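Attaching a single structure in structure tokens format; questions to follow.
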Amino acid sequence: MVRGVRLEVSVTEVEIVSDVLWSLGVTAITEDWTSDDVVVLRTSFGSDDDKIAELMSKHLPDVVWCDEEIDSEVAETWKKFARPTRIDDRLYIRPSWDESSLAPDAIVVSIDPGATFGMGDHPTTRGCLALLAVSVEPGESVLDVGCGSGVLGICSLVLGAESAHGIDIAPASLETSRANAERNGVSDRWQVSLDSLATVTQSFDTVVANILAPVLIDLAVDLVRVARRRIIISGLLDTREGPVVEVLAPFVERRRTVVNGWVTIELVRPG
């Protein structure tokens, strides 16, 4: 058995609550339409009670929820349906257990998210990967803020970055991202810690942050402080990104991509 979370939402809230859950790092959500008015969502954030309570209080304060036990075999069922995610003409993110054939010249990054966020298929992750693929240059350093599985930082290394550092508040990110770095042959260039962004003293060529808008706004001063060349942000619903972009000045928008209503933006330092 594994620890799960049961949420009760109205029919009109299903989509937005599900989007928030995906952005917080869940790997699967089930929907039980119990009536015309109430839908029960079930998911898992791992086994850290304090962390679960913190996430729910901060991001879904008005949602009725409780803990419940989930059969581990049921919790893993989603893996049967996971497939490689195509990012561009050559880059694919593939589940570590998938054995499907890809093009001979494909750049394949193998990821197992474990109890973290970052399988590669969520629209915000796909948007970040698409912009990293066209912006990160050989020899650069990358900071992945809220790294989860490490998929963004690890892909940056596979694409030519010299070094990448991930930070996250979830302890599971340490073991999971290190295993993924080892799996992709970049463990010697990947570092990960539970340090807060405020305590990071080093600067990086590229800083990527796939986090919800309110958190991005809270971190804005430090994102600007540690980024030398560019900041890539996601976790933003299209048409609602304006306040986040404004607080990241003097960085200015260079390009953006929108995937299923989620916008990802690359901002660069002028000059």
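The values are calculated or read from the model by the stated rules, or taken from the named source; none is laboratory data. What you see is a predicted model; the values in this text were computed from it and never measured. With ideal geometry, Cβ positions are generated from the backbone for all residues, glycine too; neighbour counts draw on all protein chains shown.
Select from segment 135-186 the residues that are part of a helix (DSSP H, G or I), touching a residue at least 40 places away in the same chain (Cβ under 8 Å) and surrounded by fewer than 24 Cβ atoms within 10 Å (Cβ to Cβ) and list them in ascending order.
SER135, VAL158, ALA172, GLU175, ALA179, ARG183
Output the number of residues of segment 64-92 satisfying the condition of being in a loop (DSSP other than H, G, I, E, B) and modelled with pLDDT under 85.
Looking only at segment 64-92, we keep the residues that are in a loop (DSSP other than H, G, I, E, B), and these are 71, 76, 82-84, 87-90.
Narrowing further to those that are modelled with pLDDT under 85: 71, 76, 82-84, 89.
So the count comes out to 6.
Right, another one. Confirm whether LEU248 is under 19 Å from the mean Cα position of the chain (by Cα), of a type outside the set (Gly, Ala, Ser) and under 28 Å from ASP19 (Cβ atoms).
No: the conditions fail for LEU248.
In segment 230-245, what count of residues is obtained for those that are under 20 Å from GLU140 (Cβ atoms) and under 17 Å from the mean Cα position of the chain (by Cα)?
4
Moving on. Filter segment 193-210 down to residues that are in contact with a Gly (Cβ under 9 Å, 6 or more places away or on another chain) and buried (at least 22 other Cβ atoms within 10 Å of the Cβ) and give me whichever is nearest to GLY271 (Cα to Cα).
VAL208
On the given criteria, is ILE217 surrounded by fewer than 17 Cβ atoms within 10 Å (Cβ to Cβ), over 17 Å from ILE87 (Cβ atoms) and either among the β-branched types (Val, Ile, Thr) or touching a Cys at 6+ places or on another chain (Cβ under 9 Å) (or both)?
Yes, satisfied.
While we're here: Contact list please: Cβ distance under 9 Å, first residue in segment 41-68 and at positive phi, second residue charged (D, E, K, R) and modelled with pLDDT under 85, pairs at least six apart or on different chains.
Sorted first by the residue in segment 41-68, then by its partner, the pairs are GLY46/ARG3.
Related question: In contact with a Gly (Cβ under 9 Å, 6 or more places away or on another chain), without any contact (Cβ under 8 Å) to a residue 40 or more places away in the chain, surrounded by fewer than 16 Cβ atoms within 10 Å (Cβ to Cβ) and not in a strand (DSSP E or B) - does that describe any residue in segment 240-247?
No, that holds for no residue.
One residue is enough: does segment 200-207 have a residue meeting the conditions among the hydroxyl-bearing types (Ser, Thr, Tyr), in the same structural domain as LEU159 (by TED's automatic domain parsing), over 25 Å from SER110 (Cα atoms) and out of contact with any Pro (no Cβ under 6 Å at 6 or more places or on another chain)?
To start, the set of residues in segment 200-207 that are among the hydroxyl-bearing types (Ser, Thr, Tyr) comprises 201, 203, 206.
Add one more test, that the residue is in the same structural domain as LEU159 (by TED's automatic domain parsing), and what stays is 201, 203, 206.
Right, trim to over 25 Å from SER110 (Cα atoms) and you get 201, 203.
Filter again for out of contact with any Pro (no Cβ under 6 Å at 6 or more places or on another chain), leaving 201, 203.
Checking segment 200-207: at least one residue is among the hydroxyl-bearing types (Ser, Thr, Tyr), in the same structural domain as LEU159 (by TED's automatic domain parsing), over 25 Å from SER110 (Cα atoms) and out of contact with any Pro (no Cβ under 6 Å at 6 or more places or on another chain).
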